[in-house]
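Trainee: Below is the structure I would like to discuss, written out as structure tokens.
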Amino acid sequence: MVNLRPSRRAMMRAFAVIVGAAAVVVPATAALAAPTFKVPFPCGQVWSGQTRSDHSPANAIDFNRANDDGDPVVASASGTVDRVTDLGNTSYGKYVRIDHGGGYTTYYAHLSRFNVSVGQTVRYGQVIGYVGTTGGSTGPHLHYEQRSGGTAVKVKFNGTQALYWGTKNYTSDNGCPSGSANGTVNTSGTPLTVRSGPGTNYAPVDTVADGAAVTIACQTTGTTVDGTYGTSNIWDRIGSGRFIADAYVLTGYDGFIPGVPRC
Ligand SMILES: [Zn+2]
């Protein structure tokens, strides 16, 4: 019998030859790529971030904005919370650490209070705690670190290194609505009316068949509709000037779909 599938070893050998020909140096054990970290505040917020060489650790950033005491702090990437610790009046005070895998962790310190517990998985934009001035802090701010293998590294947001050294404004795109979603129309038979706007008072412009797949570009509220999936005032925009009642659409979510923008 002839095995036409090349062995993994053979493929690796071929890869090494190609790489060698291109004179590219590949580390023996490639480090896992860093997660795409985002600014640790909600979508759209602007925060002043300061780095300074006498900071401990030097690569940390201190974040401030006006009246920031108690403002929400969010996970800068998805991961698992592995520390929710109160050091009292020293050091970080109340801090959270998130393990992002691959040896990468992030630290959020001087919090006034926590919004997560150890072992909890978090996603981009999820509130983990609130800005405060606990520990060795002289005023409300967020002390933030990115670590690799336990060592604080220069912070990057969306792959771009923060300003070292100095103070700069950072605008968060963390947890911003990012895209469309898929849905399936379910009317138990009859076609669903497509309307020019988000409500039964808008003109019918078309129909979609029962069972049709739709792409939801954004969602908004309109007239309340009793449908296959209960009562809802959410309307889904499935094209320019084309809206359908979400009560007839299977989206996997009871209310608004996470990540889908409001119209
Ligand atoms: Zn600090």
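The values are calculated or read from the model by the stated rules, or taken from the named source; none is laboratory data. Nothing here was measured: the structure is a model prediction, and the numbers come from that model. Glycine also receives a Cβ, built like all others from the backbone with ideal geometry; neighbour counts cover every protein chain displayed. The accessibility values were calculated without ligands, DNA or RNA, using every heavy atom of the protein model including side chains. Shrake-Rupley method; radii C 1.70, N 1.55, O 1.52, S 1.80 Å.
Trainee: State which residue is nearest to Thr160 (Cα to Cα) when the search covers only region 41-59 and only residues that are within 13 Å of the ligand (Cβ to nearest atom) and in a loop (DSSP other than H, G, I, E, B).
Mentor: Per the stated criteria, the residue is Asn59.
Trainee: Which condition does Gly179 not pass, out of (1) among the small types (Gly, Ala, Ser); (2) within 15 Å of the ligand (Cβ to nearest atom); (3) assigned to a loop (DSSP other than H, G, I, E, B), if it passes all the others?
Mentor: Result: Gly179 passes all but (2).
Trainee: Only residues that are touching a Phe, Trp or Tyr at 6+ places or on another chain (Cβ under 6 Å), more than 15 Å from Ala181 (Cβ to Cβ) and part of a strand (DSSP E or B): list them for region 227-242, please. First the steps, then the outcome.
Mentor: If we filter region 227-242 for residues that are touching a Phe, Trp or Tyr at 6+ places or on another chain (Cβ under 6 Å), which is where we start, we get 227-228, 235, 237.
Now drop any that are not more than 15 Å from Ala181 (Cβ to Cβ), which leaves 227-228.
Of everything in region 227-242, just one residue is touching a Phe, Trp or Tyr at 6+ places or on another chain (Cβ under 6 Å), more than 15 Å from Ala181 (Cβ to Cβ) and part of a strand (DSSP E or B), namely Gly227.
Trainee: Which residue pairs have Cβ atoms closer than 8 Å, lie 6 or more positions apart in sequence or on different chains, and pair a first residue in region 115-126 that is without any contact (Cβ under 8 Å) to a residue 40 or more places away in the chain with a second residue that is assigned to a strand (DSSP E or B) and of a type in the set (S, T, N, Q)?
Mentor: Gly119/Thr80
Trainee: Given the conditions (1) β-branched (Val, Ile, Thr); (2) within 16 Å of the ligand (Cβ to nearest atom); (3) surrounded by fewer than 18 Cβ atoms within 10 Å (Cβ to Cβ), and given that Thr184 satisfies all but one, which numbered condition is not satisfied?
Mentor: (2)
Trainee: Scan region 89-110 for residues that are in contact (Cβ under 8 Å) with a residue 40 or more places away in the chain and touching a Lys or Arg at 6+ places or on another chain (Cβ under 9 Å) and jot them down.
Mentor: Result: Lys94, Tyr95, Gly103, Tyr104, Thr105, Thr106, Tyr107, Tyr108.
Trainee: Among the numbered conditions (1) over 20 Å from the mean Cα position of the chain (by Cα); (2) exposed (fewer than 13 other Cβ atoms within 10 Å of the Cβ); (3) closer than 17 Å to Gly49 by Cα, tell me where Tyr164 comes up short.
Mentor: (2)
Trainee: Which pairs do you get when a residue that is under 11 Å from Arg242 (Cβ atoms) and in a loop (DSSP other than H, G, I, E, B), found in region 190-219, comes within reach of a residue that is of a type in the set (Phe, Trp, Tyr) and open to solvent by 50 Å² or more (accessible area, probe 1.4 Å), reach meaning Cβ atoms under 7 angstrom, with the pair 6+ apart or on two chains?
Mentor: From residues that are under 11 Å from Arg242 (Cβ atoms) and in a loop (DSSP other than H, G, I, E, B), the pairs are Ser196/Tyr202.
Trainee: List the pairs whose first member sits in region 49-70 and is touching a residue at least 60 places away in the same chain (Cβ under 8 Å) and among the aromatic types (Phe, Trp, Tyr), whose second member is open to solvent by less than 80 Å² (accessible area, probe 1.4 Å) and near the ligand (Cβ under 9 Å from one of its atoms), and whose Cβ atoms are under 7 Å apart, counting only residues at least 6 apart or on separate chains?
Mentor: These pairs meet every condition: Phe63/His141; Phe63/Leu142; Phe63/Tyr144.
Trainee: Go through (1) open to solvent by less than 50 Å² (accessible area, probe 1.4 Å); (2) out of contact with any helix residue (DSSP H, G or I) (no Cβ under 9 Å at 6 or more places or on another chain); (3) under 30 Å from Arg242 (Cα atoms) one by one and return the number of the condition Gln146 breaks.
Mentor: Every condition holds for Gln146 apart from (3).
Trainee: Do the conditions hold for Thr106, that is, is it closer than 23 Å to Lys168 by Cα, under 23 Å from the mean Cα position of the chain (by Cα) and crowded, with 17+ Cβ neighbours inside 10 Å? Outline the logic, then answer.
Mentor: Working: closer than 23 Å to Lys168 by Cα: yes; under 23 Å from the mean Cα position of the chain (by Cα): yes; crowded, with 17+ Cβ neighbours inside 10 Å: yes.
Taking the combined requirement at face value, the residue satisfies it.
Trainee: Give just the number: which of (1) open to solvent by 20 Å² or more (accessible area, probe 1.4 Å); (2) within 16 Å of the ligand (Cβ to nearest atom); (3) farther than 14 Å from Phe37 by Cβ does Thr171 not satisfy?
Mentor: (2)
Trainee: Residues being of a type in the set (Ser, Thr, Tyr) and in contact with a Pro (Cβ under 9 Å, 6 or more places away or on another chain): count how many of those fall in region 100-157. Step through it out loud before you land on a result.
Mentor: Initially, region 100-157 is screened for residues of a type in the set (Ser, Thr, Tyr), giving 104-108, 112, 117, 121, 124, 130, 133-134, 137-138, 144, 148, 151.
Remaining after also requiring in contact with a Pro (Cβ under 9 Å, 6 or more places away or on another chain): 104, 106, 108, 112, 130, 133, 144, 151.
Count: 8.
Trainee: Right, Gly179: open to solvent by less than 40 Å² (accessible area, probe 1.4 Å) and at pLDDT below 95 or not?
Mentor: yes
Trainee: Does Asp62 meet the test of being open to solvent by less than 40 Å² (accessible area, probe 1.4 Å) and farther than 18 Å from Thr160 by Cα?
Mentor: Numbers: open to solvent by less than 40 Å² (accessible area, probe 1.4 Å): yes; farther than 18 Å from Thr160 by Cα: no.
No.
Trainee: A further question on this structure: Quickly run through region 220-238 and pick out the residues that are among the small types (Gly, Ala, Ser) and either under 16 Å from Gly252 (Cα atoms) or without any contact (Cβ under 8 Å) to a residue 12 or more places away in the chain (or both).
Mentor: At the first step, the residues of region 220-238 found to be among the small types (Gly, Ala, Ser) are 222, 227, 230, 232.
Within region 220-238, Gly227, Gly230, Ser232 meet the criteria.
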